[in-house]
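A.B. asks: This is the structure, below, for whatever I ask next.
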Amino acid sequence: MNEPKPPQCAVDLAAKKCVPCEGGVPRCSTVEAESQMAAIPDWRLTHDATRIRRDWKLADFRSAIKMINNVAALAEREQHHPDLHIEGYRRVWIEIFTHAVGGLSENDFILAAKIDAITPR
């Protein structure tokens, strides 16, 4: 059985680039996903540890749209696209997973770390 990879820090993750995936990358085990969460503490595992999610409450609608647009531009550069949501005019939540593997891959943690670097705490 393969040993889980040691968790990476947020800086190391953010320095990486998402790799194109059509299903050829390994899916993270629950143990690997739980371990990696230390690097992105504002995120949480959802859907039986197959997705990660983070929520924000922004000042107003304009701030929420600006944030979504910034994340969308980042996602395009990385070619890894999260699910983006605005509710109640200023609540934003983002959910990430690798569709091609039906769960989490390293790309998801890379993108989450990069999103953390450009969004409010």
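A.B. asks: Output the qualifying pairs, or none if there are none: Cβ atoms under 9 angstrom, residues six or more apart or on different chains, first residue in region 34-47 and in contact (Cβ under 8 Å) with a residue 60 or more places away in the chain, second residue of a type in the set (Gly, Ala, Ser) and in a helix (DSSP H, G or I).
C.D. replies: Partner pairs satisfying both residue conditions: 39/10; 39/112; 39/113; 40/10; 40/112; 40/113; 42/112; 43/112.
A.B. asks: Based on this model, can you work out whether residue 93 counts as under 14 Å from the mean Cα position of the chain (by Cα), surrounded by fewer than 17 Cβ atoms within 10 Å (Cβ to Cβ) and closer than 30 Å to residue 29 by Cβ?
C.D. replies: So residue 93 fits the description; yes.
A.B. asks: Next question, about the same structure. List, please: which pairs have Cβ atoms under 8 Å, are six or more places apart or on different chains, and start with a residue in region 96-121 that is touching a residue at least 60 places away in the same chain (Cβ under 8 Å) and of a type outside the set (S, T, N, Q) and end with one that is assigned to a helix (DSSP H, G or I) and surrounded by 24 or more Cβ atoms within 10 Å (Cβ to Cβ)?
C.D. replies: From region 96-121, the pairs are 109/36.
A.B. asks: Would you be able to tell me the number of residues in region 41-62 that are more than 16 Å from residue 110 (Cα to Cα), exposed (fewer than 15 other Cβ atoms within 10 Å of the Cβ) and not β-branched (Val, Ile, Thr)?
C.D. replies: So the count comes out to 8.
A.B. asks: Would a scan of region 97-110 turn up a residue that is within 18 Å of residue 32 (Cβ to Cβ), in contact with a Lys or Arg (Cβ under 6 Å, 6 or more places away or on another chain), crowded, with 16+ Cβ neighbours inside 10 Å and among the aliphatic types (A, V, I, L, M)?
C.D. replies: Yes, there is a match, as at least one residue in region 97-110 is within 18 Å of residue 32 (Cβ to Cβ), in contact with a Lys or Arg (Cβ under 6 Å, 6 or more places away or on another chain), crowded, with 16+ Cβ neighbours inside 10 Å and among the aliphatic types (A, V, I, L, M).
Every number here is computed from the coordinates shown, using simple stated rules; none is lab data. Since this is a predicted model, take the numbers as computed values, not measurements. As a convention, Cβ positions derive from the backbone with ideal geometry for all residues, glycine included, and neighbour counts pool all protein chains shown.
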